[in-house]
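Chemist: Here it is, the structure in full.
What follows draws every value from the coordinates through simple rules; no lab data is involved. Fair warning: this is a prediction, and the values are worked out from it, not measured in the lab. Note that we place each Cβ from the backbone using ideal geometry, even for glycine, and neighbour counts take in every protein chain shown.
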Amino acid sequence: MLKVSYQGIAGAYSHLACYGYFGKDIECIGTETFENAMQLVEDGEVDFTLIPIENKTAGRVSEFYGLIPQMKLQIVGEHYQKIEHYLMGIEGSSLRDIEYAYSHPQGLAQCRESLKKMGIKPVAQFDTAGSAKEISQLGNLKIGAIASSLASEIYGLKVLKANIQDQKDNFTRFIVLSNRQKLIIKDNQSYITSIIFKVKNIPSALYKAIGGFAKNGVNILKIESYIPLGKLQESRFHIDIDGSINDITVQNSIEELKKYVTKFKILGVYEKNRCPY
């Protein structure tokens, strides 16, 4: 049985994403931080970890970018997890009973209008699944939680209203990390290559570095700048490009890139998983 780590406690959306990517026939291990989840893979205690890197409404998950420079793992896949918020309460409660809703601040923000319409006051907590666990222990009919459907199952809670998020097409993109890359490039499959680099201290270095992709007709899917932890003067860049390192156009683009950068690293080559939402 595969072992997969994630940040959070049982019932977190990251836990749900593990099932969404691998199926339910796996052992999931929750950890306190992203770093802990990644360390379990580096130490060989689990096979994979899923890390959220961006959300459609909340933007990128900055914490991950601080960990990239020290990361020894490879990106081996991506997964889009639809975020569906459920309002839940203890057994015996009803929607009319609920006066307060516990959840992570982002979860509350994503349900702001729905909560207003129902006359429910938001109460910020550390996370979504933790809120579900807490109200299951409090046993108060007036207090509900906003969390995943998985959290309601795990903590024996009653779903009072499903899909209360204001934006119905909200989703989070996760990357799948592993100690080893076992990728066989197929001709009929689309791939993403993820790269990080630091540009040289010369005029127009970034422009020249990524100019090779345009020259060779390679599409840059995303570009993010980030600063490694404790290194305020070292701005670095993370790009995702269309294609694999087997493509001659990608190889030529990377050769051009290398002329203008330092600390170059390929984070992974993996199959593109088109967002279904």
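Chemist: Is the stretch 191-271 rounded, prolate or oblate when judged by the Cα gyration tensor, a ≥ b ≥ c being the square roots of its eigenvalues, rounded requiring a/c under 1.5 and prolate requiring a/b larger than b/c?
Modeler: Numbers: a/c = 2.18, a/b = 1.41, b/c = 1.55.
Oblate shape, in that a/c is at least 1.5 and b/c is the bigger or equal ratio.
Chemist: Turning to a different aspect of this structure: Given points 7 Å out from each Cα along the Cα-Cβ axis, report the residue 222 to residue 25 separation in nanometres with one decimal.
Modeler: 3.1
Chemist: Can I ask one more? To the nearest 500 deg cm²/dmol, what mean residue ellipticity at 222 nm is calculated for the chain from DSSP H runs of n ≥ 4 alone, each contributing -39,500 (n - 2.57), summed and divided by the residues? Each step should come with its number before you reach the end.
Modeler: Working: 9 runs with 76 residues, N = 277.
Helix-only estimate at 222 nm: -7500 deg cm²/dmol.
Chemist: Give me the extension gain from residue 117 to residue 186: residue separation times 0.36 nm, minus the current Cα-Cα distance, reported in nm with one decimal.
Modeler: Values: separation 69, 0.36 × 69 = 24.84 nm, distance 5.06 nm.
Result: 19.8 nm gained on full extension.
Chemist: From the residues 201, 151, 119, which one has its Cα farthest along the dipole of the chain in the positive direction, the dipole being from +1 and -1 charges on Cβ of Lys/Arg and Asp/Glu about the Cα centre?
Modeler: 201
Chemist: Sticking with this one: Against the longest alpha carbon principal axis of the chain, how many degrees, from 0 to 90 and to the nearest 10, is the axis of helix 205-215 turned?
Modeler: 80
Chemist: By the scheme Lys and Arg +1, Asp and Glu -1, what is the net charge of all other residues having a beta-carbon under 12 Å from that of residue 128? Let's see the in-between values first.
Modeler: Numbers: positive: 133; negative: 84, 127, 134.
Net charge in that neighbourhood comes out at -2.
Chemist: Shifting gears a bit: By DSSP, what percent of the beta bridges with both residues in the chain are antiparallel, rounded to the nearest 5? Can you show the working numbers first?
Modeler: Values: 43 of 58 bridges.
Just about 75 percent of them are antiparallel.
Chemist: Give the angle, between 0 and 90 degrees and rounded to the nearest 10, that separates the Cα long axis of helix 13-22 from the longest principal axis of the Cα atoms of the chain.
Modeler: Compared with the principal axis, the helix lies near 60 degrees.
Chemist: Gap in Å between the Cα centre of the stretch 91-129 and the Cα centre of the stretch 175-196?
Modeler: One Cα centre to the other: 39 Å.
Chemist: Give the peptides 216-225, 253-262 in descending order of average Cβ contacts within 10 Å, highest first. Can you show the working numbers first?
Modeler: On the way: 216-225: 14.1, 253-262: 17.4.
So the peptides 216-225, 253-262, ranked by packing, come out 253-262, 216-225.
Chemist: Further question: In degrees, nearest 10, range 0 to 90: what is the angle between the Cα axis of helix 248-258 and the longest Cα principal axis of the chain?
Modeler: Its long axis makes an angle of about 90 degrees.
Chemist: For every other residue with a beta carbon closer than 14 angstrom to the beta carbon of residue 77, add +1 if it is Lys or Arg and -1 if Asp or Glu, then tell me the sum. Write out the running numbers ahead of the final one.
Modeler: Numbers: positive: 173, 180, 182, 272, 274; negative: 47, 78, 240, 271.
Neighbourhood net charge equals +1.
Chemist: I need the shape label for the stretch 116-213. Rule: rounded when a/c is under 1.5, else prolate if a/b > b/c, else oblate, with a, b, c from the alpha carbon gyration tensor. The partial results should precede the final answer.
Modeler: Details: a/c = 2.98, a/b = 2.20, b/c = 1.36.
It is prolate, given that a/c is not under 1.5 and a/b is the larger ratio.
Chemist: Hey, can you grab everything whose amide H is under 5 Å from the amide H of residue 2? Only 5+ residues off in sequence or another chain; H modelled, so Pro and N-termini drop out.
Modeler: Here the answer is 27, since their amide H atoms fall under 5 Å of that of residue 2.
Chemist: About its Cα centre, how strong a charge dipole does the chain have in debye, to the nearest 20, once Lys and Arg get +1 and Asp and Glu get -1 at the Cβ? Present the calculation step by step, with values, prior to reporting the outcome.
Modeler: Values: 33 positive and 30 negative charges, 165 e Å.
For this selection, approximately 800 debye.
Chemist: For the stretch 86-161, what does the alpha-carbon gyration tensor say about shape, rounded, prolate or oblate, given a ≥ b ≥ c as the root eigenvalues, a/c under 1.5 as rounded, and a/b over b/c as prolate? Spell out each step's value before the answer.
Modeler: Working: a/c = 1.57, a/b = 1.15, b/c = 1.37.
In terms of gyration-tensor shape, oblate.
Chemist: Using θ = phi - 60° and the Karplus form 6.51 cos²θ - 1.76 cosθ + 1.60, what ³J(HN,Hα) does each residue of the stretch 99-110 get, whole Hz, x for Gly and Pro?
Modeler: Once rounded to whole Hz, the list reads 10, 10, 10, 8, 5, 5, x, 5, x, 5, 5, 6.
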